[in-house]
Amino acid sequence: MKISFFEEFPSKNNLNKLKLIKFPTTIYIAAKSFKDFEKIKKKIRARAVYWPILSKKEGYWISPFSDYVGLKRIFSEIPKNQEVMLDLEPPFNRWLVLKGIFTFSRNKKIIQAFINSHKVILCENFLPSSFLKLAGLSYVRNAIISEHPKNLRGFFDRGKKIKMAYTSMNPLLNIKKIRADKIGIGCIAKGIYGNEKILSPEELERDLKILQKSGKEVVIFRLGGLNKEYVRIIEKVL
């Protein structure tokens, strides 16, 4: 098992939590431009993956309901050799869902085209990908699938994905049954909504123990919530 972290708000205080970590890790860093990500990346001593976000007005997360101009802008900035994580969620501004009815198909095509041409990790809801695809919140990298037999499609599809399985928000969620090579767990700090429930140290230990022998990459939301007690539990499980 490998432990990584999301960081939605890469402030100096949040990134300083890296000082608590003594094991190799990856940080998925949210930024509104590739230029901002590059500046942040230079300040930390950890492997960093770019997590592009839009303004709240544009939708914040990546989806066919997000603002078309915003999607085009942020995608155009990213070099093809840059590893990037797309957070596939409905727009923060829910009014965009109504507006997006008219741009859904066009936006879905540019998202798919970006995925096909770049080094992308897809971060999506814990629900089955077949269901999420209808809403444009799950994708398959066509370039990879075309190179392998049909019976390997599922493997390569899952291998490029993080499934968000936050038991603090879904207490009945059985993370052991989540089919993905990377599992997002949490929360140990609040996100953009500000009302997210927080895992106790005991609950974090429970989730980590379930995944301990899975060989998966476990991505914890988020770095800024890390403290000595959480670190003690992570090191115990590792």
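Here the contact order of the range 1-153, divided by its residue count and restricted to Cα pairs under 8 Å and six or more residues apart, works out to 18 percent. So what's the angle, to the nearest 10 degrees on a 0 to 90 scale, between helix 201-211 and the longest Cα principal axis of the chain? Relative to the chain, helix 201-211 is tipped by roughly 60 degrees. Each of VAL97, VAL84 has some number of other Cβ atoms within 10 Å of its Cβ, and from fewest to most they run VAL97, VAL84.
Label sites at LYS22 and ARG106, each approximated as a point 7 angstrom past Cα along Cα to Cβ, lie 5.5 nm apart. Between helix 104-117 and the chain there is an angle of about 60 degrees, using the helix long axis and the longest principal axis of the Cα atoms. When the chain is treated as a GNM with alpha-carbon contacts under 10 Å, the residue of ASP36, ASP207, ASP87 showing the greatest mean-square fluctuation is ASP36. Could you check which residue among TRP51, TRP95, TRP61 shows the biggest mean-square fluctuation in a GNM of the chain with a 10 Å Cα cutoff? Taking springs between Cα atoms under 10 Å, the residue moving most is TRP95. Over all pairs of different C-alpha atoms, the range 2-237 has a mean inverse distance whose reciprocal, the Kirkwood radius, equals 18.3 Å.
By how many nm would the segment from LYS176 to LYS57 lengthen if fully extended, with 0.36 nm per residue of separation less the alpha-carbon distance?
39.2 nm
Dipole check for the chain: with +1 at the C-beta of Lys and Arg, -1 at the C-beta of Asp and Glu, and the Cα centre as origin, the magnitude is about 380 Debye. Across ALA189, ALA46, ALA180, mean-square fluctuation computed from a Gaussian network of the chain (C-alpha pairs under 10 Å connected) peaks at ALA46.
Say the cut-off is 22 Å between C-alpha atoms; which of LYS2/LYS119; LYS39/LYS133; LYS160/LYS213; LYS56/LYS99; LYS80/LYS109 go over it?
Over 22 Å Cα-Cα: LYS39/LYS133.
Estimate the FRET efficiency between ARG73 and ILE198 by the formula 1/(1 + (r/R0)^6), using the beta-carbon distance for r and 41 Å for R0, to the nearest 0.05. Working from the Cβ atoms, E equals 0.75.
Cβ crowding within 10 Å, taken as a proxy for footprinting-reagent exposure, orders ILE192, ILE220, ILE21, ILE62 from fewest neighbours to most as ILE192, ILE21, ILE220, ILE62. Here the Karplus relation 6.51 cos²θ - 1.76 cosθ + 1.60, evaluated at θ = phi - 60°, turns the backbone of the range 55-70 into coupling constants of 5, 4, 4, 7, x, 6, 8, 8, 6, x, 8, 5, 4, 4, 5, x Hz, with x for every Gly and Pro. Summarising the amide proton neighbourhood of ILE162: residues at separation of 5 or more, or on other chains, whose placed amide H is nearer than 5 Å comprise LEU122, CYS123, GLU124.
Each value in this text was obtained by applying a stated rule to the coordinates, not by laboratory testing. If you're wondering where the values come from, they're calculated on a predicted model, not measured in any experiment. Quick reminder, even Gly has a Cβ in these numbers, built from the backbone with ideal geometry, and neighbours come from all protein chains shown.
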